[in-house]
Structures are given as C-alpha cells and as structure tokens.
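*Asks:* Handing you a structure now.
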Amino acid sequence: MGLIDGVFETVFGAGRNAIAETAEVFRINADSADARAAEAQAAALAQFAREFGQPSRSPFDRVIDGLNRLPRPALALGTVGLMVAAMVDPVWFATRMQGLSLVPEPLWWLLGAIVSFYFGARHQAKGQEFQRALAATLAQAPVVAQNIAALRVSPATSAPAEPVATAPNAALADWRAQS
C-alpha cells in the first residue's frame, strides 16, 4: 500500500492534479474560461454604467430637448405646406420660388451645412442615449438570470401536464412481442 499511496501522493498530492494540469496544456479549462468571460462581461457592464449613466434631467434640459424636437416636424410640415400652396395658388408659389432662385449659392451651402450639422448632432445624441438605455438593460441581465434560476428551482404551482397521446410504435410493439 505504501507504494500506491506514494504514487497517488505524487500525482494528486498537495491539492494538485497532475493529470488535469497536463491536460490544460492542450485544452483550456472550461470552468476557468467561463469565469474569465463572466469577469470580462461584468467589467464591461460596469464600464458602460459609468460611461452612460446620467443623472436625472432638470426642467431646463427637458425644455431644450422639446425645442430640439421642433425643427424636424417643422421642416416636414413646411414641405407639405409648400406642396399644398403650389396646388392652391400656383402664381403665389411661383413668385416665392423665383425669389428663392435669387439666393446666392454660398448661402445655400451654409444652410445645408447648418441643417446637416444639426441633424448629425441630434443623430449622435440619440445614439448615445440609446447606448445608455442598452447599458442599463444589460446591467439587469444578471438579476433576470437569477430570477429565472430561482423560478426553475421553486416548486411548480400549476397542475401537472396531461400526458401526450402518441400513435402506437410498430417497432416497439414487435420488440415487446418477441420478448
């Protein structure tokens, strides 16, 4: 027994497992890899929460946000209004368009740049707001996973399901007949 104990002590002694350590040279330890992945995800979620978390908004911020929402509907409704005006009073519409043809080209470029920057900045702000909301949702994932695990462990409160009636299995019937 002393020789066998000595071999086991050499291979598995002092909290070691030489076989597992050797196998990990060729194949990663799945438990350790999962733990590292969970740590990386938790760190990423914490970083998202710090980056995209925002304090509650003041009334001034809400008013400015409301004002920022006006140009897009105003441009859309203005364009529809111009189409209606062209149909209702074509002469009035034609004189206004003639006036617009006198606007110098650099002013059109400036107007285009202002509108592009406005909508580009709004697009970026809304994208960041979406990322904040996404980070907040992802931060809830561990809580949801724990709740689901708790629900799976708790006893079922509903009545057991009725067994499903299946068609007879001819092969199984033949096997039973032979036995």
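*Asks:* Tell me which residues, restricted to segment 52-81, are closer than 21 Å to Q128 by Cβ, in a helix (DSSP H, G or I) and among the small types (G, A, S). Write out each step before concluding.
*Replies:* To start, the set of residues in segment 52-81 that are closer than 21 Å to Q128 by Cβ comprises 52-58, 60-72.
Next, from what is left, pick out any that are in a helix (DSSP H, G or I): 52, 60-68, 71-72.
Of everything in segment 52-81, just one residue is closer than 21 Å to Q128 by Cβ, in a helix (DSSP H, G or I) and among the small types (G, A, S), namely G66.
Yes/no per residue for (1) at pLDDT 85 or above; (2) surrounded by 10 or more Cβ atoms within 10 Å (Cβ to Cβ); (3) over 19 Å from the mean Cα position of the chain (by Cα):
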position	(1), (2), (3)
V84	yes, yes, yes
L102	yes, no, yes
W108	yes, yes, yes
V115	no, yes, yes
A150	no, no, yes
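*Asks:* On to the next question. Pick from A23, A42, A76: which is modelled with pLDDT of 80 or more and surrounded by 11 or more Cβ atoms within 10 Å (Cβ to Cβ)? Reasoning before the result, please.
*Replies:* Values: A23 fails: modelled with pLDDT of 80 or more; A76 fails: surrounded by 11 or more Cβ atoms within 10 Å (Cβ to Cβ).
Result: A42 is the single residue among A23, A42, A76 that is modelled with pLDDT of 80 or more and surrounded by 11 or more Cβ atoms within 10 Å (Cβ to Cβ).
*Asks:* Looking at the structure I just gave you, is P59 surrounded by fewer than 10 Cβ atoms within 10 Å (Cβ to Cβ) and either at pLDDT below 90 or within 30 Å of the chain's Cα centre (by Cα) (or both)? Write out each step before concluding.
*Replies:* On the way: surrounded by fewer than 10 Cβ atoms within 10 Å (Cβ to Cβ): yes; either at pLDDT below 90 or within 30 Å of the chain's Cα centre (by Cα) (or both): yes.
So P59 passes the test.
The values are calculated or read from the model by the stated rules, or taken from the named source; none is laboratory data. Small disclaimer: the values here were computed from a predicted structure and weren't measured. Because the Cβ atoms are built from the backbone with ideal geometry, glycine has one as well, and the counts that use them run over all protein chains shown.
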